[in-house]
Structures are given as C-alpha cells and as structure tokens.
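Engineer: Please find one structure pasted underneath; my questions will follow.
We did not get these values from a lab; they are worked out from the coordinates using the rules stated. From a predicted model like this one, the values you see are computed outputs, not experimental measurements. Quick reminder, even Gly has a Cβ in these numbers, built from the backbone with ideal geometry, and neighbours come from all protein chains shown.
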Amino acid sequence: MNSIIFTAAARLLVALLFVFSLFMLLRGHHLPGGGFIGGLIGAVAFIVYSLAAGPAEARLALRISPEVIAMVGLGIALLAGLFSFFMGDPFFTGQWYWVGGDSYETSVFSINTVLVFDIGVYLVVLGGILSLTYAFEEET
C-alpha cells in the first residue's frame, strides 16, 4: 500500500498493539486473556506493519523467522510441563514459587509454570499466524 498516512499511522498502531498484546499475556493467568489472545494481537501488529511496509520489510522488522519463533514457543511450553513432572507431580501441573512469602496473599510476587506455558503459547500463536500470513502475502 502506498498511503503516506497509513504508513505513518501504522508505526504508532504497531507499537500500541504490541504493548497491548504483552499486557494481555501477563494479565492472562488471573483474569481473561493469556498467551493465545496475546499472540493473536501481537500477530495483528506485525500484519498491520506488513500491510503498510510490505512483507519483506515486516520480516526484517521481526528479525527472526516466524517458524523459529513458533518452534521456540513450543519448546518453552513443553519445558513448563516437564518442570512439574520432575517435581514429582503429573505432567503440566502448575508449580508456584512464592517470593517474599508463602502464599498468594503474603508474597511480593510469584514465579509459576503457568506463565511460562502462556509465554510458550504466545510465541507459538505469534509464529504460526505470521508464517501463514507472510506465505499468503508473498504468494500474491
């Protein structure tokens, strides 16, 4: 697309969409949202940029192949499941480590495998949707 207005607005819109996708990712395990919807919104950010600048420029902005992003995400999601297995619990059982306390109410924050799994799903969805989108755009 050769619109100067759309190209200029796309840069701002992409930044806002990407920040909102990260917000949805981090919000996901306590409220609605999570890795899937965050990944979709992140993919939409790159798709908007691709429409404004072209698929070749969007691939350069991504810096990593979408297929590699999806594979890394799948590995991260699998590691989240294996962590519980090595702790002696069933596969994909959530594990929490409370920092500064011994429960949700008394701790400063928690590190958990649910968030790690959500990050993996985020990357799988982002990489998968972008792979399909870039393939369709480059075909036409």
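Engineer: Based on DSSP H runs of at least 4 residues, each adding -39500 (n - 2.57), what is the mean residue ellipticity at 222 nm of the chain after dividing by all its residues, to the nearest 500 deg cm²/dmol?
Structural biologist: -24500 deg cm²/dmol
Engineer: Ranked from highest to lowest mean number of other Cβ atoms within 10 Å per residue, what is the order of the peptides 15-25, 81-91, 37-47, 61-71? The partial results should precede the final answer.
Structural biologist: Working: 15-25: 17.0, 81-91: 12.0, 37-47: 22.0, 61-71: 15.1.
Highest to lowest by the protection proxy: 37-47, 15-25, 61-71, 81-91.
Engineer: Quick one: net charge of Val19's neighbours, Cβ under 14 Å, K/R +1, D/E -1? Intermediate values should be presented prior to the final figure.
Structural biologist: On the way: positive: Arg11, Arg27; negative: none.
Once positives and negatives cancel, what remains is +2.
Engineer: In addition: Pairing the Cα long axis of helix 113-139 with the longest principal axis of the chain, what angle in degrees results, from 0 to 90 and rounded to the nearest 10?
Structural biologist: Around 20 degrees separate the two axes.
Engineer: Right, next: Could you tally the net charge around Ala135, taking each other residue with its Cβ under 13 Å from the Cβ of Ala135, Lys/Arg +1 and Asp/Glu -1?
Structural biologist: Here the count lands on -3.
Engineer: Taking amide H atoms as placed 1.01 Å from N in the peptide plane, list the residues 5 or more away in sequence, or in a different chain, whose amide H sits under 5 Å from that of Gln95.
Structural biologist: When sequence neighbours closer than 5 places are left aside, the close amide H contacts are Thr113, Val114.
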